[in-house]
Amino acid sequence: MKGYISSGILELYLLGELSERERQEVEQMAARYPEIREELDQLEASMFAFDRLSGQKPSPAIKDKIFASLEVETPPASIKTMDTPESKALSRWRNFSAAAAVVALLATVFAFYFANRYYSTQEEYRTLVLERSVLAEELEINQARYEQMEEFLGGDFDRIPLEGEAYEMQKDAQVDIFWDRNDARVFASVRNLQLLEPGQDYQLWAIGEDGPIGIGIINASQTGLLQQMETVSAAGAFAITIEPKGGSQTPTLENLVVLGEVV
C-alpha cells in the first residue's frame, strides 16, 4: 500500500500540510486499506514519542489536526431490544392479565346489574301475586255478599233485634237477626259486639219448643255484613252466648250476651 501513498505524504497529512482534496484522498485510502490506517497510527505514535523525548510539545493546532485526521465516523449502532422467548412470554402474560382483569371487572358489573334486576323482578312478581291474591279474595267476598244480598232482597225476612241492655255481659251489644219463616233462612248482622279472647266464640241460638239449638258462630269483627246461619223452621226467640272456641252443644246461660223475641 505504500506504493499508493508514501510515508512522506502521510507525515504531511498528520502535520496538516495537505490541501483539502489531498486530505480527503488520504482519508479515503486509510478507510479502504487497513495497512494505511496502521501506518498512520505508527507515525502518530512516533511523533508523540519524539516529542516526549525532546521535551517539545506539538502546538495545539498540530494536535487538533492529528486528532481530527484520526477520527473515523462510525454510524451509531441502532439499539434494538432483543425479543427473547422469556420476554415474549412475559409480554403475552401481561396482555392476558390485563384482558382478564377487564373481563373480570365487566363480569362483576354485569353480575351486580343482573342480580339487582333479578331480585327487583322477583320482588315485583311477589308483590303482583300478592295483589292478585288480595283482589281475588276481595272479589270472592264481594261475590258472596252480592249473592247474599240478592237472596236477602228476594226473600221475605223479618228483622229481630237482639239487645244486651238487660244482661251484665255487654249492655251495649246489638245484633240484628233476619229470618225468612217460609224458607227457614237466617242471617245475622252485627251492629256492636266486643271482640273476644282467641279461645272464645259468639254462638247464635234459636229457642223453640224443643229448647235452644245452636245455628252458627258469629264473627264480631264483620260489622254491618250479613252472616249466613243455619236454617230454622220455628223459633220463639234468638239469643247469643259466649262459648269455647267452636261452640257448644248447650248454651252457657251465665255468658248470655243478647236476647230477642220473635214477634
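The values are calculated or read from the model by the stated rules, or taken from the named source; none is laboratory data. Just so you know, these numbers come straight off a predicted model, no measurement behind them. Note that we place each Cβ from the backbone using ideal geometry, even for glycine, and neighbour counts take in every protein chain shown.
Can you tell me which residue in segment 1-51 is modelled with the lowest pLDDT, limited to those that are among the polar types (S, T, N, Q) and part of a loop (DSSP other than H, G, I, E, B)? Going through the qualifying residues, I end up with 6.
Per-residue answers, yes or no, for (1) over 19 Å from residue 256 (Cβ atoms); (2) within 56 Å of the chain's Cα centre (by Cα); (3) in the same structural domain as residue 241 (by TED's automatic domain parsing):
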{"site": "163", "(1), (2), (3)": "no, no, yes"}
{"site": "175", "(1), (2), (3)": "no, yes, yes"}
{"site": "180", "(1), (2), (3)": "yes, no, yes"}
{"site": "184", "(1), (2), (3)": "yes, no, yes"}
{"site": "187", "(1), (2), (3)": "yes, yes, yes"}
{"site": "198", "(1), (2), (3)": "yes, yes, yes"}
{"site": "202", "(1), (2), (3)": "no, yes, yes"}
{"site": "205", "(1), (2), (3)": "no, no, yes"}
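A count restricted to segment 208-219 and to residues that are modelled with pLDDT under 95 and either assigned to a loop (DSSP other than H, G, I, E, B) or under 18 Å from residue 159 (Cα atoms) (or both) stands at 3. Within segment 20-34, residues that are small (Gly, Ala, Ser) reach partners that are assigned to a helix (DSSP H, G or I) with beta carbons closer than 9 Å, at six or more positions or on different chains, in the pairs 30/10; 30/13; 30/36; 30/37; 30/39; 30/40; 30/69; 31/37.
Take residue 201 and tell me if it is without any contact (Cβ under 8 Å) to a residue 24 or more places away in the chain and either in a strand (DSSP E or B) or crowded, with 20+ Cβ neighbours inside 10 Å (or both). No: the conditions fail for residue 201.
Considering 183, 176, which residue is part of a strand (DSSP E or B), surrounded by 13 or more Cβ atoms within 10 Å (Cβ to Cβ) and of a type in the set (D, E, K, R)? I'd like the intermediate steps shown before the answer.
On the way: 183 fails: part of a strand (DSSP E or B).
None of the others qualify; the one that does is 176.
None of 131, 150, 168, 123 is assigned by TED's automatic domain parsing to the domain that holds residue 225, without any contact (Cβ under 8 Å) to a residue 60 or more places away in the chain and farther than 20 Å from residue 223 by Cβ except 168.
Summed over segment 220-247, residues that are surrounded by 15 or more Cβ atoms within 10 Å (Cβ to Cβ) and of a type outside the set (A, V, I, L, M) total 6. Within segment 240-252, is even one residue in a loop (DSSP other than H, G, I, E, B) and closer than 17 Å to residue 173 by Cβ? Checked against the condition, which is being in a loop (DSSP other than H, G, I, E, B) and closer than 17 Å to residue 173 by Cβ, segment 240-252 yields at least one hit.
Can you pull out the residues in segment 220-233 that are assigned to a strand (DSSP E or B) and of a type in the set (A, V, I, L, M)? Don't jump to the end; show me each part of the working.
Our first condition is that a residue be assigned to a strand (DSSP E or B); within segment 220-233, this holds for 223, 226-228.
226, the sole residue that qualifies.
Can we say residue 140 is at pLDDT 65 or above and at negative phi? Spell out how you get there, then give the answer.
Values: at pLDDT 65 or above: yes; at negative phi: yes.
Considered against the rule, which asks whether it is at pLDDT 65 or above and at negative phi, residue 140 comes out as yes.
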